[in-house]
Amino acid sequence: MRAVSHLVTPPAPHVHARDLGSVRLLLGSVRNSLGIWPDYAFDTNFTRNTLFGVETVLVNSPEGVRHVMAANASNYVRPAMMARIMRPLLGRGLFLAEGEEWRRQRRLLSPSFTPQNVNVLLPHLVAAAGDLVGELDGQSSADLSSAYEGAALNAALRALFSMPEKSERDRIGSLVCQFVTGPGRPQIFDGFAKSETSFAFALGRRRNFQKRWFKAVGELVAARQKAPHEASSRDLLDLLLAARDTESGEPLANDEVRDQCATMIFGGYETTARLLFWASYLLTLDGEEQERVRAEVAAFFPDQVTTLSDLENWPRLRRVVLEALRLYPSVPLLVREPLEDDVILGEPVRRGVQVYIAPWVLHRHRAHWENPTAFLPDRFEGQSSPWTSGGAYLPFGAGPRICIGAVFAMAEAQIMLASVLNRFTLTLDGDKPVMPVGRLTIQPSYSPMFKLERTV
């Protein structure tokens, strides 16, 4: 890692001197899950806690993460809380599937995300990035948080359905936004739910959303299936419809196609938009790094990208994306429950205990990272896929359930960010810090205006 004369440390929530009391911890978890951690959490490997009778453990070392997420992954499932929050958005898709059903879906879907098939989808990403730059062109400032949301949704709908129509993007984007800021926000009842249907009186808004959401996604799938489509411009729906289980030979059922599409829209939209925002924000805090990345991109223009190997022309840009994912992981907290009693790092863990793995904490752990709160992209120099080794870096999860679309997501983020930086110098309009807020993803505390100075 290159020597630095100064450290750029982005703003973050206050770290508490000791554990919060139960009520403050509960309320803080709902308001901002990033602001609940005590100082010792960033040093420890394993700790226990109890919240209103619910026992939790924080697993905070690479060895412990590998045990839960890989070595003994079959013993760990998502708790009812997670399915209760996400089912209205993701249905029975891969993200929430468990056991044999998850294995079947993974077999069916994995071929769609091979590098060869991602190469087929790259023109959709380049086109969406071109749309983004075109929309920003001529503006002296912009709300990039909103712009990236539209761009990431455009990319997701192009890649899935070859459908870039703005009216459809606006309709789907509005629904996802409604969910993330409304019924998708964790409730106090979620933490105590023993099943997805516990406290049914509190689920009305989620049920209403689910009906509207699945209707909208189902209509998108049906419209795309009826539309004329050239074989030379395949999309993800083509790949999903052609998928066959290697063991049974069966295809995905219609409702399964819909649910997988819903999962991919959210995974390719919300998380990528947040990544692009945070990467851009970090580059406004470090103008020198922004200029280095821009020089790299100027030597190989984004519209020249035709295969994944072309992205190798942007090693510095990739390191910025990786560092943004470290400081602002897509999902700040992973929760699992053991089906049977287990031992983690020599500590007994009973069946039903909630096991927390917090990428927000692990990515800032003092034993695993030099200057853990600082923005230092060069820490990833020479590392092509650091999420596949070690266990201290979890932007896409870990083990057999690692995000199936990681290669696609990284390609999308690099193409989008390169396109913006190739055209504009980014600075902030104002000096008010943007605080990260932990909910389903890590969101900005407000949407700042970015100044756009055209470079070409």
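The values are calculated or read from the model by the stated rules, or taken from the named source; none is laboratory data. Since this is a predicted model, take the numbers as computed values, not measurements. A quick note on method: Cβ atoms are made from the backbone with ideal geometry, for glycine too, and the neighbour counts reach across all protein chains shown. Note: accessible area is taken over every heavy atom of the protein model, side chains too, but ligands, DNA and RNA are not part of it. Shrake-Rupley method; radii C 1.70, N 1.55, O 1.52, S 1.80 Å.
Which whole-number percent gives the relative contact order of the stretch 230-354, counting Cα pairs below 8 Å spaced six or more residues apart? Intermediate values should be presented prior to the final figure.
Working: 69 pairs, mean separation 19.6, N = 125.
Averaging sequence separation for qualifying contacts and normalising by length gives 16 percent for the stretch 230-354.
Per residue, how much accessible area does the chain show when a 1.4 Å probe rolls over the protein heavy atoms, in square angstrom?
Details: 18830 Å² over 456 residues.
Spelled out: the 1.4 Å probe surface of the chain, per residue, equals 41 Å².
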Next on the checklist: Let's see if you can work this out: charge +1 on each Lys and Arg Cβ, -1 on each Asp and Glu Cβ, no other charges. What is the dipole magnitude of the stretch 1-136 about its Cα centre, in debye to the nearest 20?
Outcome noted: 320
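For the stretch 103-219, just say rounded, prolate or oblate: build the C-alpha gyration tensor, square-root its eigenvalues into a ≥ b ≥ c, call rounded for a/c under 1.5, and beyond that prolate if a/b exceeds b/c, oblate if not. Let's see the in-between values first.
Values: a/c = 2.41, a/b = 1.42, b/c = 1.70.
Oblate.
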Checklist entry - Remind me, relative contact order of the stretch 352-415 in percent, using alpha carbon pairs under 8 angstrom and six or more residues apart? => result 23
Checklist entry - Can you give me the Cα centroid spacing of the stretch 76-105 and the stretch 257-309 in angstrom? => result 27
Next on the checklist: What are the membrane-span-like helices in the chain by this rule: whole DSSP H runs, Cα extent along the axis at least 30 Å, mean Kyte-Doolittle hydropathy at least 0.5?
Outcome noted: 115-136
Checklist entry - For the charge dipole of the chain, defined by +1 on Lys and Arg C-beta atoms and -1 on Asp and Glu C-beta atoms about the Cα centroid, which residue among Gly204, Pro400, Val305 has the Cα displaced farthest towards the positive pole? => result Gly204
Item to check | Positive-pole candidate from Pro329, Leu339, Gly287, dipole of the stretch 256-355, charges at beta carbon | outcome: Gly287
Checklist outcome for this item: The rounded separation in angstrom of the Cα centers of the stretch 4-45 and the stretch 398-456 is 22
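Which value, in debye to the nearest 20, gives the size of the charge dipole of the chain about its Cα centre, when Lys and Arg are +1 and Asp and Glu are -1 at the Cβ? Please list the in-between numbers first.
Working: 50 positive and 50 negative charges, 234 e Å.
The dipole magnitude comes to about 1120 debye.
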Checklist entry - How many percent of DSSP beta bridges within the chain run antiparallel, rounded to 5? => result 85
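If you place +1 on the Cβ of every Lys and Arg and -1 on the Cβ of every Asp and Glu, how big does the dipole about the Cα centre of the stretch 176-283 come out, in debye to the nearest 20? Intermediate values should be presented prior to the final figure.
Numbers: 14 positive and 13 negative charges, 133 e Å.
Value, rounded to 20: 640 debye.
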Checklist entry - Given DSSP loops and a limit of at most 13 other Cβ atoms within 10 Å, what is the longest stretch of the chain that contains no such trypsin sites (Lys or Arg not before Pro)? => result 19-193
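Summarise the accessible area of the stretch 378-456 (1.4 Å probe, protein heavy atoms) by the percent that is carbon and sulfur.
Values: 1510 of 2930 Å².
Solvent-exposed carbon and sulfur of the stretch 378-456 make up 51 percent of the total.
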Checklist outcome for this item: Length-normalised contact order of the chain, Cα under 8 Å, at least 6 apart, in percent, tallies to 28
Checklist entry - Excluding the sites themselves, what is the longest stretch of the chain that contains no chymotrypsin sites (Phe, Trp or Tyr not before Pro) in a DSSP loop with at most 14 other C-beta atoms within 10 Å? => result 53-445
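At 222 nm, what value in deg cm²/dmol follows for the chain if DSSP H runs of at least 4 each add -39500 (n - 2.57) and the sum is divided by all its residues, to the nearest 500?
Details: 15 runs with 207 residues, N = 456.
Calculated from helices alone, the mean residue ellipticity at 222 nm is -14500 deg cm²/dmol.
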